[in-house]
Each structure stands twice: as C-alpha cells, then as structure tokens.
Amino acid sequence: MNAHSTRRKFVGGTALAGAALVQDATETAAATPSSLRPSGCDAALLEKADRLIAEQVASGAVWSAALVVRRGAFEFVRAYGRAAVNTPFLIASPTKPMTASAVLLLLDQGELKLADPVQKYLPQFRGGERAAVTIQHLLTHTSGLPDMLPENVELRQRHAPLSEFVAGTYRTELLFRPGTRVSYQSMGILLAGAVVERISGQSLPAFLAASVFGPLKLSATSLGLGGRKISDTALCQVDVASDWDWNSTYWRNLGVPWGGAHATVRDLAGFIEQFVATENRPWTAATRLAMRSVQTEGLNQAWGLGWLVEPRAFGQTCARGTFGHFGATGTVVWHEPVAHLTCALLTTRPAADSRAGLLGPVSDLVAQSVRA
C-alpha cells in the first residue's frame, strides 16, 4: 500500500452523504476474504462514527479531533472543533513505534543487533540483571524497566533535561527478570532512543527527521515541536494547567522518545501504512514484517517491535495481524492487513477519559464498516 497514492476521498463537512467522490483510475482490487466488502467502507457506519465524534465535540467533552479512515484508494477524513485536517496533535505513545523504527533502521544498516545487550551501547546501564537486558527487550516491553521513574513528576516540575531521565533509568530498579513478562515501559523506549543517539551521533529528533520522516515525506511529523508554535497545534485538555503539562513549552520541546511526537492525522496514518508496504526503503521488508509480528509469544501480552499486536484492543471485529498503538493524550492509530484498513483518530481529551467512550467505539465502527 502506498500511503501517498491518489485516493477516493470523502473530505470535510460533518455529513458523509452526498460528499464528492473522485475515483483513482489506477486503483487495483486487492484479494480479500469473501466476508469483506469488495471495496471501500460502509457509509452508514462511517456516518455513525462521524456523528459520535461530532456530538462529543459539540457537547464540549472534546475540544478538537481529526479522523482518517483509509482502505486502498478510499479515504474518509474529517476534522472537528478547533482542529483542521492539517492541525498537528501531540500524539503521545504512537511515538514509541517511531522510536522503534529508528532502532530498526540501524539494524538494517548493520549498526546493531536485537540480541545486543543494552550495555554495549550504554555502559552506564549496569548492575543487577541489567546485563541481561537486550535491545529487543526495550522494544517489546519485556526489559523489566518501569513505565515511569519514581522521580518522574519531580523531574518534570523542575524542567529537567532528557539526559536526567536517561541517567535515572540507568539507576532505577528492574521490576522483574528481563524477558520473563510484558510490562509497559516508557523508560525502555527512552533507552532505545539513547542507543540511536549513541550510534548515530545525532539527536533522536534529528535522526528521525532526516532518516525516517523525510524519506517518507511525513512533512508534518516531528519529535518535539519541530519549530512550530504551540498555538499552531491542538491543545490537550489537561486537568490543571502548569508549566510542565502537555501544553507547556517545556514538555512540547522536550521530545521524549516515548510520547513527544507531533503529527497530523494523515501523517500518522501514512506512517503506520509503511509497515505493510513492500519496498525496501527505509526498512527492509523483513524488518517491516518483524515490527508488526508478535515477538512475545507465550507471555502475557502480544507486542511486536514497538507496535501492539492485539486485534481486539482496537476493534472487536479486527482480524488477526491488526497492529497499532493508543496515546495518553487521546489518540489511536491501527492497521488491519487482512482488510487493508487504516484508522487514525486524534483527539485532545486524554485517553483515560476518551478510550472507552470514543476511541474504542469509533475503532469498532470503522472495523465493522468493511464487514457490513
């Protein structure tokens, strides 16, 4: 699938019916199971998803949102509230597979191996069972590192640089023996980013811009603000405003490898679609497949390399092989290879408040739309 090909488009407005339709003459039908619609998505179900988002925006529960649904050459795109289709959002944890993709690019270049101990590149990470932690453990949430450091809030309150988070991760206690279970760990992704910086000699934001976002023509994606003004982005709905919250200059510019990327909804959809592409740039086909294939067989949760590979986490009817990621700021992106279906929904309401009532239901409707 080429994320930048011409597509049939439903764009703008709040009603799907009567929208202009442009057909790409070069569209070719992909082989799909007989239970799937032969092309496109069911309009009534997309209208229902559209109304669900619009109603929550109209009520004030959600300030801004943007939705993209793609299937082959079909594209449905909407913006809501204070956002436009090209508004960048702080996407939060979908940043993790972006960081993982930087590591995997170095793998393809022969600069590292997944079985390499983290200590090989970050010698300060030592003591206890740290010698057993590999690059693969960092990317599959099996390292034993915590999600956040015990001093996480204190570091943010005093505007600590990212290097202090890395130093804290060198010292923090492992929660379990590496490789024995899955436990979601932002600090493992932080060290993965530090490995990229150590090998490449570049900052992670610069490496991603030059080696991933640039080649993929994701011009609206950056780790950190990327030179933007915060006022040019969608503002997150935070409970108590502070100088270190999601909307602060400090946090938006920090560019944390586990959650600091900004992207438009189309760019995020384009990024995930790269992992079902067949070309060998910038990653090999084998690496693309490995990132979205289960690497944690026999453990308590199914992760690839950076991507969650649990179909029902995204839509109750999603088929085996569906992969994606949720973000704490109120975001989700996923792709179902069986149906050639992509869904990206960016909102400003935290996932703790929006996952059950918005992110999940919209994903369910989108997944059903190819089976109606």
Among the numbered conditions (1) touching a strand residue (DSSP E or B) at 6+ places or on another chain (Cβ under 6 Å); (2) on the phi > 0 side of the Ramachandran plot; (3) at pLDDT 95 or above, tell me where Phe89 comes up short. (2)
Here are some residues: Leu145, Leu149, Leu216, Leu223. Which one is touching a strand residue (DSSP E or B) at 6+ places or on another chain (Cβ under 7 Å) and either over 25 Å from Thr331 (Cα atoms) or among the hydrophobic types (A, V, I, L, M, F, W, C) (or both)? Leu223
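Filter segment 249-275 down to residues that are more than 15 Å from the chain's Cα centre (by Cα) and either modelled with pLDDT under 95 or within 27 Å of Arg78 (Cα to Cα) (or both), then give me how many there are.
The first filter runs over segment 249-275 and keeps only residues more than 15 Å from the chain's Cα centre (by Cα), leaving 249-254.
Now drop any that are not either modelled with pLDDT under 95 or within 27 Å of Arg78 (Cα to Cα) (or both), which leaves 252.
Of the residues in that region, 1 qualify.
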Here the residues within segment 243-253 that are surrounded by fewer than 15 Cβ atoms within 10 Å (Cβ to Cβ) and touching a residue at least 40 places away in the same chain (Cβ under 8 Å) are Asp243
Is it the case, given these coordinates, that Tyr184 is at pLDDT 95 or above, of a type in the set (Ser, Thr, Tyr) and under 20 Å from the mean Cα position of the chain (by Cα)? yes
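Which members of segment 64-98 meet the condition of being in a helix (DSSP H, G or I) and not hydroxyl-bearing (Ser, Thr, Tyr)? I'd like the intermediate steps shown before the answer.
Residues of segment 64-98 in a helix (DSSP H, G or I): 95-98.
Within segment 64-98, Lys96, Pro97, Met98 meet the criteria.
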Any residue in segment 113-120 that is at pLDDT 95 or above, in contact with a strand residue (DSSP E or B) (Cβ under 8 Å, 6 or more places away or on another chain) and surrounded by 20 or more Cβ atoms within 10 Å (Cβ to Cβ)? yes
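Mind listing whichever residues of segment 58-71 are surrounded by fewer than 21 Cβ atoms within 10 Å (Cβ to Cβ) and farther than 28 Å from Asp147 by Cβ?
Just the residues of segment 58-71 that are surrounded by fewer than 21 Cβ atoms within 10 Å (Cβ to Cβ), to begin with: 58-61, 63.
Passing the criteria: Ala58, Ser59, Gly60.
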Considering every residue within segment 363-372, establish whether at least one is surrounded by fewer than 24 Cβ atoms within 10 Å (Cβ to Cβ) and touching an Asp or Glu at 6+ places or on another chain (Cβ under 6 Å). yes
Out of all the residues in segment 253-269, is one or more among the charged types (D, E, K, R), touching a strand residue (DSSP E or B) at 6+ places or on another chain (Cβ under 6 Å) and within 26 Å of Gln109 (Cβ to Cβ)? no
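Residue by residue, here is whether (1) without any contact (Cβ under 8 Å) to a residue 24 or more places away in the chain; (2) within 27 Å of Trp251 (Cβ to Cβ) holds:
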residue: Phe125; (1), (2): no, yes
residue: Leu139; (1), (2): no, yes
residue: Thr142; (1), (2): no, no
residue: Leu145; (1), (2): no, yes
residue: Leu149; (1), (2): no, yes
residue: Leu155; (1), (2): yes, yes
residue: Ala167; (1), (2): no, yes
Can Leu305 be described as crowded, with 22+ Cβ neighbours inside 10 Å, under 17 Å from Ser186 (Cα atoms), of a type in the set (A, V, I, L, M) and touching a helix residue (DSSP H, G or I) at 6+ places or on another chain (Cβ under 6 Å)? yes
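The values are calculated or read from the model by the stated rules, or taken from the named source; none is laboratory data. What you see is a predicted model, and the numbers here were worked out from it, not measured in a lab. Note: ideal-geometry Cβ built from the backbone for every residue, glycine included; neighbour counts use all protein chains shown.
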